[in-house]
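Asks: Mind looking over this structure? Questions follow.
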Amino acid sequence: MKKITFNLSLLILAIGLISCQGKKQTEPIAAESPQFPDWAWADFQRPEGINPVISPNPDTRFYCPITKDSVDWESNDTFNPAATIYDGKIVVLYRAEDKSGEGIGGRTSRLGYASSDDGLHFERKTTPVFYPANDSQKELEWPGGCEDPRVAVTEDGTYVMFYTQWNKKTPRLAVATTKDLQKWEKHGPAFAKAYNGRFFDQASKSASIITKLVDGKQVIAKIDGKYWMYWGEHFVNIASSNDLVNWEPMLEENGDLKKLIKPRKGKFDSSLTECGPPAIMTDNGILLLYNGKNDSGAKGDTLYTANSYCAGQVLFDLKDPTKVIGQLDKPFYVPEADFEKSGQYPAGTVFIEGLVYHNKKWFLYYGCADSRVAVAVYDPEKTAK
């Protein structure tokens with residue numbers, strides 16, 4: 001009797017081991033921690049109990065100069081932020097939508113202003129600092145508004161912002177400058193003069209200008225005497241400028257736009273590769289953080305939700321900003337928190353647009369499901385230990 005019981009126990013143990021092995025084989029690879037190359041900034045952490053740092057506010061109102069009426073300018077959604085340093089503080093310029101329409105892109109967007117000493121707790125102005133008005137850009141910015149900013153600063157303190165002008169017909173990448181992040185000069189579409197205006201009426205958005213650290217300050221850089229920016233929504237393109245206002249996209253020999261990065265079948269960025277925050281020059285190369293959208297069909301990566309936005313990285317040569325020398329096959333940042341997967345965009349979005357160096361750490365600001373703003377922090381000193 002004891003012998004039978006012993007054999008039965010062995011049988012049960014064997015079945016259990018086989019079952020466990022089977023489960024291990026069928027676990028999704030996404031559950032494992034990806035191995036990233038040394039050049040990647042992979043260890044961005046969500047601060048405990050902090051996010052989201054900016055959410056919609058139904059109580060603030062703004063007198064719109066176009067409609068000549070008071071509007072609840074940030075009542076519906078607050079997302080897709082730029083970030084920089086001003087007067088020792090982190091300033092986040094975030095996209096805010098009112099309730100004037102329905103659906104993504106159906107309302108009017110304006111840019112709000114939030115500042116923070118520690119990058120985690122913010123004070124917000126009650127009115128937007130950048131918006132459509134009765135000015136030279138009204139035709140290109142109304143009624144859709146001013147969307148998805150990226151901002152960086154020159155060594156002499158001039159802030160350059162790239163944003164999308166949206167008149168609900170054609171999105172255009174535009175440039176504005178300022179000294180204080182509140183009083184702005186709008187310069188219009190970045191590519192308006194390039195190639196005799198060829199690209200004026202072509203859709204364009206999402207610019208990541210190349211920056212570098214100088215004495216602990218992140219500033220706009222030059223390579224071979226020119227400014228450079230990566231840009232584009234479906235592909236990563238590149239453009240250069242002599243004055244930060246007028247930009248010339250780089251073309252292939254056949255006249256098509258030069259595409260440095262394209263969507264990859266079976267990867268998290270199988271649908272599009274959209275530029276993120278300002279690129280940064282590192283010891284290893286020019287690091288560009290970008291937004292990858294997963295395809296909803298056969299081209300997509302089944303490890304990630306269809307249509308979700310995850311964050312990727314690509315490395316370019318320091319002397320040749322068009323030359324790719326590395327690219328992550330897995331995203332370094334994915335939607336995890338509930339507020340990153342619920343909102344206007346329930347497929348899940350961590351849409352990165354703001355990257356700023358503060359107190360020897362990198363703060364990454366991103367839009368959550370097109371509805372809120374959150375932050376993640378990367379500590380290079382901790383990673384190096």
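Asks: Filter the stretch 172-188 for residues that are assigned to a loop (DSSP other than H, G, I, E, B) and touching a residue at least 40 places away in the same chain (Cβ under 8 Å) and give the result.
Replies: The answer is Asp180, Leu181, Gln182.
Asks: Something else: Within the stretch 331-382, restricting attention to residues that are among the small types (Gly, Ala, Ser) and buried (at least 19 other Cβ atoms within 10 Å of the Cβ), which residue is nearest to Glu123 (Cα to Cα)?
Replies: For the stretch 331-382, the residue satisfying everything is Ala374.
Asks: While we're on this one: Please verify whether Tyr357 is closer than 18 Å to Tyr94 by Cβ, of a type in the set (Ser, Thr, Tyr) and assigned to a strand (DSSP E or B), treating the condition exactly as stated.
Replies: Values: closer than 18 Å to Tyr94 by Cβ: no; of a type in the set (Ser, Thr, Tyr): yes; assigned to a strand (DSSP E or B): yes.
So Tyr357 fails the test.
Asks: Tell me, yes or no, whether the stretch 209-217 has at least one residue that is surrounded by 14 or more Cβ atoms within 10 Å (Cβ to Cβ) and basic (Lys, Arg).
Replies: yes
Asks: So is Tyr333 among the hydroxyl-bearing types (Ser, Thr, Tyr), in contact with an Asp or Glu (Cβ under 8 Å, 6 or more places away or on another chain) and within 30 Å of Ser240 (Cβ to Cβ) or not?
Replies: Values: among the hydroxyl-bearing types (Ser, Thr, Tyr): yes; in contact with an Asp or Glu (Cβ under 8 Å, 6 or more places away or on another chain): no; within 30 Å of Ser240 (Cβ to Cβ): yes.
When the stated conditions are applied, Tyr333 does not pass them.
Asks: Among Arg107, Arg124, which is out of contact with any Ser or Thr (no Cβ under 6 Å at 6 or more places or on another chain), basic (Lys, Arg) and in contact (Cβ under 8 Å) with a residue 12 or more places away in the chain?
Replies: So the residue among Arg107, Arg124 that is out of contact with any Ser or Thr (no Cβ under 6 Å at 6 or more places or on another chain), basic (Lys, Arg) and in contact (Cβ under 8 Å) with a residue 12 or more places away in the chain is Arg124.
Asks: Right, next: Given the conditions (1) of a type outside the set (Gly, Ala, Ser); (2) surrounded by fewer than 20 Cβ atoms within 10 Å (Cβ to Cβ); (3) assigned to a loop (DSSP other than H, G, I, E, B), and given that Asp301 satisfies all but one, which numbered condition is not satisfied?
Replies: Asp301 satisfies all of (1) of a type outside the set (Gly, Ala, Ser); (2) surrounded by fewer than 20 Cβ atoms within 10 Å (Cβ to Cβ); (3) assigned to a loop (DSSP other than H, G, I, E, B) except (2).
Asks: OK, next. Look through the stretch 277-293, keep the residues that are touching a residue at least 12 places away in the same chain (Cβ under 8 Å) and in a loop (DSSP other than H, G, I, E, B), and return whichever of them is surrounded by the most Cβ atoms within 10 Å (Cβ to Cβ).
Replies: Pro278
Residue-by-condition table, conditions (1) touching a helix residue (DSSP H, G or I) at 6+ places or on another chain (Cβ under 8 Å); (2) part of a loop (DSSP other than H, G, I, E, B); (3) within 27 Å of Val377 (Cβ to Cβ); (4) among the acidic types (Asp, Glu):
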position	(1), (2), (3), (4)
Ile50	no, yes, yes, no
Thr60	no, yes, no, no
Ser70	no, no, no, no
Asn80	no, no, yes, no
Ala83	no, no, yes, no
Leu93	no, no, yes, no
Gly101	no, yes, no, no
Ala114	no, no, yes, no
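Asks: What residue, among those in the stretch 113-145 that are of a type in the set (Lys, Arg) and within 16 Å of Ile54 (Cβ to Cβ), is surrounded by the fewest Cβ atoms within 10 Å (Cβ to Cβ)?
Replies: Per the stated criteria, the residue is Lys125.
Read-outs: derived from the displayed coordinates by stated rules, not from any lab. Quantities reported herein were computed from a predicted structural model and do not represent experimental measurements. Note: ideal-geometry Cβ built from the backbone for every residue, glycine included; neighbour counts use all protein chains shown.
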